[in-house]
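Reviewing the structure listed below.
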Amino acid sequence: MFELRHSDLAARIGRLQTLHGAVETPAFVPVVHPVRQTVSTQFLKKMGFELVITNAYITLRHYGDEARRRGIHDIINYDGAVMTDSGGYQVLEYGSVEVEPAMMAQFENDIKSDIPIPLDRPTGYGLEYEKAKEYVAITLKNSLESLRAIGSNSGAIWVAPVQGAEHFDLVEHSARELDTMGFEMMALGSPVELMEAYEFAMLARMIISAKKVIPAKPIHLFGAGHPLTIPLAIALGCDTFDSASYMLYAKDNRYMTPNGTVRLDELAYLSCQCPVCSSHTVQELHKMEMDKRTIEIAKHNLYILKAEVEAVKQAIVDGRLWEYVMQKARAHPKLMEAAQIFKDVEMLEDGTPLFKERAIFFYDPIDQHRPEAKRFRKTVAKFKSSKKKLILCPEDEIHPFYSTTSYKNIVKKFPDAQVCSYSPFLGIIPAEISDVFPASHNLATRSCYRLEDYPTFIESLKSFAGRFEEIAVIAPDDFMKQATKAARLNARLVDDISAL
């Protein structure tokens, strides 16, 4: 059902097999209105969207038995994979819908939905704890009733709606209970209001809470249609995400960019080179009738969303997802706030390859927390040395360290000493394992480092150097001088090897 192909951080490029074809993930899933779709589904298919989502509740209300006869693919004129929302959005907006969960599940089954979702009770954002707990219980009850109603032979991929929003213990509880019911795929509910408030850090914690419980199953994220949320959500493990944002923004004359949105009347130029922007000027878009302009902006927005997903996928293949997420995080302070959470997320290490073909880059203090650096420090913590003297040198630009002239000169003069280089990002690097990734394959900025920004270095220095009777540091900079004091090491600081 779900085949993993590449991974980096908690992100993965996978293949989701449905009754109407395979879907490569991560994937943005455009929302399609079953009655009044403005951008044609054929245009979406031609663009390369392999999966769309439509509303089964609206379909039921408008088409009834006709939908059962024709099937949802004919109703929306789309022959690819179709996901159906059972009315949870209407419940969130209006409080209830006039249909029972079992009936709704049977209808989704009858219209041949590839990826149906049970009727849930969204918690939304800002709901007090006890009420959120009640809504989670209703969703769990509805989900179980839905599974019982359709049995086990539908062939569809039923998606479990995980609720709880900012109440992370409820998110974990919801995910755990739904997982035991046997759902093949999970969906995180209620993020729309979080994203409208730019509460990216809370969104990140919500995804992490669910991912801890269901690390392997594919995860859908409801309502994630802002370009800034895509790298964050994918890096934390979301595989698909839907939104009608491309159209909603267009109706408000909001033009998407890789780093956000801007109103059309604020633009002098169209820097994008998609087919829409290559064919029109800002002035021409302004002169269009409103309906036509809305469609053109919506198409442009779709190109931006698809391009962002493709860029993230390429970063996964290249092993550069950490760099890409941190680069995108600088587009908005609230997003950088969310990115700071990455340093404490242990699960990111699980999906990060042990070795990468390209050198990893170290720019800022947060990079000391990237999975490759954490993993290397764990390797160093297990390193054993029987020697009593330790000699430390600044990391050379030549890798591995044992191939440098500096190292060869030191071991020639002090064959019984343990020789190591050091890096603010990686900590202590024993020469014997300096050919281990990423010590062997990294590039760091050469700016001045502030010791207080690198707590992992102090930990690495204390832990490693504390094993030796004699310590010498060659050519220490201010960073290393402060570090030896902070670690309370009785170390000799010398300008060069001749002083030893």
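Among the lysines, which fall within straight-line cross-link reach of Lys292, defined as a Cα-Cα distance under 17 Å, with same-chain neighbours fewer than 8 residues apart omitted?
Filter leaves Lys251.
List the lysines whose alpha-carbon lies under 18 Å from that of Lys334, not counting same-chain residues fewer than 8 positions away?
Correct list for Lys334: Lys343.
Can you tell me the 0 to 90 degree angle between the C-alpha axis of helix 200-213 and the longest principal axis of the chain, rounded to 10?
Rounded to the nearest ten degrees, it is 90.
What size of dipole, in debye to the nearest 20, comes out for the chain about its Cα centre when the only charges are +1 on Lys and Arg C-beta atoms and -1 on Asp and Glu C-beta atoms?
So the magnitude is around 1420 debye.
Rounded to the nearest 10 degrees, what's the angle between the helix 129-150 long axis and the longest principal axis of the chain, both from Cα atoms, 0 to 90?
60
Quick check: at a probe of 1.4 Å, how many percent of the accessible area of the range 188-318 sits on carbon and sulfur atoms?
Answer for the range 188-318: carbon and sulfur cover 52 percent of the accessible area.
How would Glu357, Glu337 line up by accessible area, probe 1.4 Å, largest first?
Sorted by accessible area, descending: Glu357, Glu337.
Taking the solvent-accessible surface of protein heavy atoms with a 1.4 Å probe, what is the per residue accessible area of the chain in Å²?
It amounts to 43 Å² per residue over the chain.
Specify the inter-centroid distance of the range 417-448 and the range 126-141, based on alpha-carbon positions, in whole Å.
50
In whole Hz, with x marking every Gly and Pro, tabulate ³J(HN,Hα) for the range 295-304 from phi via Karplus 6.51 cos²θ - 1.76 cosθ + 1.60, θ = phi - 60°.
5, 5, 5, 4, 5, 4, 4, 5, 4, 5
Return the long-range amide H neighbours of Ile471 (sequence gap of 5 or more, or a different chain), with a cut-off of under 5 Å between placed amide H atoms.
Leu390, Arg492
Using a simple charge model, +1 on the beta-carbon of Lys and Arg, -1 on the beta-carbon of Asp and Glu, nothing else, what dipole does the range 1-89 show about its Cα centre, in debye to the nearest 20?
140
Could you give log10 I(q)/I(0) at q = 0.09 Å⁻¹ for the chain, computed by the Debye formula over C-alpha point scatterers of equal weight, without solvent?
The Cα Debye sum returns log10 ratios of -0.70.
With a 1.4 Å probe and all protein chains in place, put Lys211, Lys217 in order of accessible area, largest first.
Numbers: Lys211 10, Lys217 50 Å².
Heavy-atom accessible area, descending, gives Lys217, Lys211.
If you average the alpha carbon positions of the range 150-171 and of the range 312-356, how far apart do those two centres end up, in angstrom?
Between the Cα centre of the range 150-171 and that of the range 312-356, the gap is 27 Å.
Out of residues 5 or more away from Ala444 or on other chains, whose amide H comes under 5 Å of its own, with H placed 1.01 Å from N in the peptide plane?
It is Phe362, by chain and number.
How big is the accessible area of Tyr402 in square angstrom, nearest 10, if you roll a 1.4 angstrom probe over the protein chains?
Approximately 90 Å² of Tyr402 is accessible to the 1.4 Å probe.
Choose one of Pro34, Val473, Pro394: the residue whose Cα lies farthest towards the positive end of the charge dipole of the chain (beta-carbon charges +1 Lys, Arg; -1 Asp, Glu; about the Cα centre).
The residue sitting most towards the positive pole is Val473.
Given a 1.4 angstrom probe, I'd like the percentage of the accessible area of the range 334-460 that is carbon and sulfur, rounded to a whole number.
Within the range 334-460, the accessible surface is 55 percent carbon and sulfur.
Would you kindly find the accessible area of Trp158, with a 1.4 Å probe and non-protein molecules such as ligands, DNA and RNA excluded, rounding to the nearest 10 Å²?
About 10 Å², rounded to the nearest 10.
Ignoring everything except DSSP H segments at least 4 long, calculate the 222 nm mean residue ellipticity for the chain; use -39,500 (n - 2.57) per segment, divide by total residues, nearest 500.
It comes out at -12500 deg cm²/dmol, rounded to the nearest 500.
Just how much of Thr445 is accessible, in Å², when a 1.4 Å probe is used and the result is rounded to the nearest 10?
50
Sort 24-33, 410-419, 365-374 for me by packing, meaning the mean count of neighbouring Cβ atoms within 10 Å per residue, highest on top.
Values: 24-33: 22.9, 410-419: 15.6, 365-374: 20.8.
Per-residue mean Cβ counts within 10 Å order the peptides as 24-33, 365-374, 410-419.
The values are calculated or read from the model by the stated rules, or taken from the named source; none is laboratory data. Remember, it's a predicted structure, so these values are computed and weren't measured experimentally. Using ideal geometry, Cβ is built from the backbone for each residue, glycine included, and neighbour counts are taken over all protein chains shown. Surface areas here come from the heavy atoms of the whole protein model, side chains and all, with no ligands, DNA or RNA. Shrake-Rupley method; radii C 1.70, N 1.55, O 1.52, S 1.80 Å.
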